[in-house]
Each structure stands twice: as structure tokens, then as C-alpha cells.
Amino acid sequence: MTDELLHIDQKIIEILKTVSDPEIPVLSIVDMGVVRAAKMNDDVVEVQITPTYSGCPAMDVIGDDIISAFNQNGLKAKVELVLSPAWTTDWITAEGRKALEKYGIASPLSADADKEALLGNKKIVKCPQCGSLNTKLVSQFGSTACKALFQCDDCLEPFDYFKCLK
Amino acid sequence: MNNNLIQYIFGIADNCLILGQRLGELCGHGPSLETDIALTNISLDLLGQTRSYYQYVAQLQGGDVTEDTVAFLRVENQYLNTLLVEQPNTDFGYSIARQFLFDVFHLLLLEELQNSKDENLSAIAKKSIKEVLYHKRFSSDWIKRLGDGTDESHSRIQTAINDLWIFTDELFHQTDADKAMVSQGIGVDVTLLKTKYYKEVSEILEEATLQTPQIEYFQKGGKQGIHSEHMGYILTELQYMQRTYPNMTW
């Protein structure tokens, strides 16, 4: 989802880009794809966000952070949580995927590849540390609901893999 | 009419709440770090789904009702979850068997609920399906691993499946609220899911070298608010803070 597609005003986008997911501080909520809409209405910026996972505890914090980011810029903001259409990992921007890899989180594969990877059938998840494909699934569930835990058999580092959600 | 809708939502949402609470009991007590994290992640998903349903109920009921009052301030016979989800963790085999027997049903239900005429229920279902796919994959995987594992794991998972089997039929019972919602195109006719459910469960059990129980006697009651003894203990823990310190907030 690019900024153009979301039709969000440049000034509003810049402020939204300063807010990040507290669990993944390198990724702005815009690159994460959780911002669905934002517009100015009678001096109040109305922002719609969608959760990555239903139980994601980060959503409350993200809502508060959005309001405080706008307040710091002298603007009032209101945040609304929308469920439909449901978030998908496809909404993570190219920039966002790069940021994830750099932070040490393997970015989501396509839905079919993801299934093979999470069933441990194929070695296709690339280690974000050394780039090796010689990796193995440790657990389908990782440090947060959106990630699975992997380990690299070459550099031996454990790492998170961002699960595909479609 | 609204009342039927609310009762219908409780029939779905309370399963998520109570199973989420049961799984939450395992936080820090799982048999290994990875399964501990997995089970509590599933718990978190289920509680997240519960919140979406209860927020909708609060909106329908209006007034002072919030998702929290719905979750914490009802009495036992107002919770409409099935008996299956309130069964205790007992051991890892029971937790996995309960999860598996529920996940297969849960996914079938949500796949139909996403076509509901009610926009809110349809949106929650579409969101939840993505999560429940992972739950089902996890529990089916463990059913196979334990069934096709050692003699000990095989016998214990078989025992758990046998013991919990009597609670599966209730998943397909219809209450009056269910029937009313089905007739309006809002609810899912669960009776139509039954054949598919038992077929799918049997296939996975067979792959796990386990026997599908041949039991004709089934337990029911939860959907009418008549629960097993376990429910009182679950609610005592779940509601403790609100009952001890009424209206307390974070």
C-alpha cells in the first residue's frame, strides 16, 4: 500500500511515519500497513488503523502514540480501529520489508511458500544475519503472535520470521 | 430481535473467551518454552477475537455496557460456551486434544460466518480465519506427533481424545437464538457442518495412527448456560479483580 493509494495528505503521512510498532521499533505504522485512512476533519485528524492480529496488544499503544504524535505537532487526532478488510502481510511496504530484514526479522514469504516453511518441508526462509537458506523451524509461534521462531544452521543464530497472513 | 443476535454472539464469543482463559493458565507452565509460547499466543488470538465480539455486543446493548462488563460481570448461566472448552488442561495431551477438537470446528464455523449478512460478524470472521488456520495447523501437527510418537505419547493422546469426545456433539446443537439468526442469514447452521467435521477429524486421527472413538453418548448443556463444575472455578479466577475491587481500571 503506497501513500498514493491511501490518499493521505503528505503532512499527515509524515507525522504518521514517526509512529512505530512498539514491538518492532524500526518499522513505522505506515510501512507496516496498519494505517488504513487518515484525513483532516474540522481541525481533527481522523485516523483508521487495523490490527495485525486480533489480540495484538500493541494496538492500544499505537493508538495512544498516534494521538500524542499529532498533539506534538499542534494537531488533535482521533483513532478508530477497523477490522475490515483484514490486514495482510502484503500491505507491508517494500521499505518495510527491508527494515525488517535489517532489524533481524525474516520478512514474510508468499502464502504457499510460507506453508511449506512452517511445516518444515522446505528450507526457504533466509537467515537475516548471514543470508543462508540452511535454516530450520524451531516453533510456529515466536516472540509475538505475528512471528515464528527459526534458527540458522550455518551461523547458528536464532531469528524471528514474520508469518505470512493473507 | 437484538436479543437473539446478542445470545448468538455469546454462543461464539464465549467459546473464545473460556478457551483463551484455559490456555492462559499454561503461561509459564508449558511443557517446553516453545509450546508454552505457542499456546499462550493462541490464547492471545482468542482473547483478541473475544474483544471484537464483545465490543460489538456492547454497541448493541448500549448504555453503560462495555466489553469489560460483558466479559467480567455476567453470572455463570449467562455464559454460553460449550462444555468442551471449559475442560481442564489435565496434561499436555488433553490441552492439545481439546484444542484440536475445537480448532477443526472453529475454522468450519468461521468459513461460513464470513458470509453472514451481519457486516460486523463477517468482518470478525474474516479476520479470525487467518489466525485460526495457524491454530489448527499447530494442534493437528501435535496430534500427529503425539499419536505417531512413543507408546506413552500414543496412549495418552488417545485417552485424552476418548475422554473429550463426548463433548464434540454439542458443537452442532442449535439454540433458539441460533435458529432465529440462521433464518435471517446472519447465523451459521452448525448442523450442516457436522459430517464434514467428523470426517476431517477422523482423517487426521487416522494419520496420527489413532482410533476415532465410537461413542454414542454425548454431554451437552453449556450452550444453555448449564455448565460443568469446572466453570465456576474458571470464572472465580477470571472475575476475581472486578468482583473484589468493583469498577477498578488499569
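The table below lists the values:
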quantity	calculated
Quarter of Cα convex hull surface for region A:3-90, i.e. mean projection, nm²	5.4
Farthest toward positive dipole pole in the protein assembly as shown [+1 Lys/Arg, -1 Asp/Glu at C-beta], among B:Gln239, B:Ile143, B:Ser155	B:Ile143
Hydrodynamic radius (Kirkwood) for region B:2-244, which is based on Cα pairs only, to one decimal in Å	18.2
Taking B:Ile186, A:Ile105 and counting other C-beta atoms within 10 Å, the order from fewest to most	B:Ile186, A:Ile105
Peptide-level mean, for B:128-135, of C-beta atoms on other protein chains within 10 Å	4
Region A:95-102 - phi-based ³J(HN,Hα) in whole Hz, Karplus 6.51/-1.76/1.60, Gly and Pro as x	4, x, 5, 4, 4, 4, 4, 5
Least to most buried among B:Leu164, B:Leu39, B:Leu238 (fewest other Cβ within 10 Å first)	B:Leu238, B:Leu164, B:Leu39
Angle between chain B longest axis and helix B:151-164 axis [Cα atoms, degrees, rounded to 10]	40
Charge dipole (debye, nearest 20) of region A:3-90; +1 at Cβ of Lys and Arg, -1 at Cβ of Asp and Glu	120
The protein assembly as shown: Cys lacking any partner C-beta under 4.7 angstrom	A:Cys56, A:Cys146, A:Cys164, B:Cys16, B:Cys27
Charge dipole magnitude, Cβ of K and R +1, D and E -1 - chain B, Cα centre, debye nearest 20	460
Packing-based exposure ordering (other Cβ within 10 Å, fewest first) of B:Thr168, A:Thr88	A:Thr88, B:Thr168
For residues of A:159-166, the mean tally of beta carbons on other chains within 10 Å	1
Cα shape, the protein assembly as shown, gyration tensor, a/c 1.5 rule	oblate
Cα→Cβ-extended label distance, 7 Å offset, between B:Ser183 and A:Leu156, nm	6.9
Cα-centred dipole magnitude for the protein assembly as shown, charges only on beta-carbon of K, R (+1) and D, E (-1), debye, nearest 20	420
Number of partner chain Cβ atoms within 10 Å, mean per residue of A:131-140	2
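Every number here is computed from the coordinates shown, using simple stated rules; none is lab data. If you're wondering where the values come from, they're calculated on a predicted model, not measured in any experiment. Because the Cβ atoms are built from the backbone with ideal geometry, glycine has one as well, and the counts that use them run over all protein chains shown.
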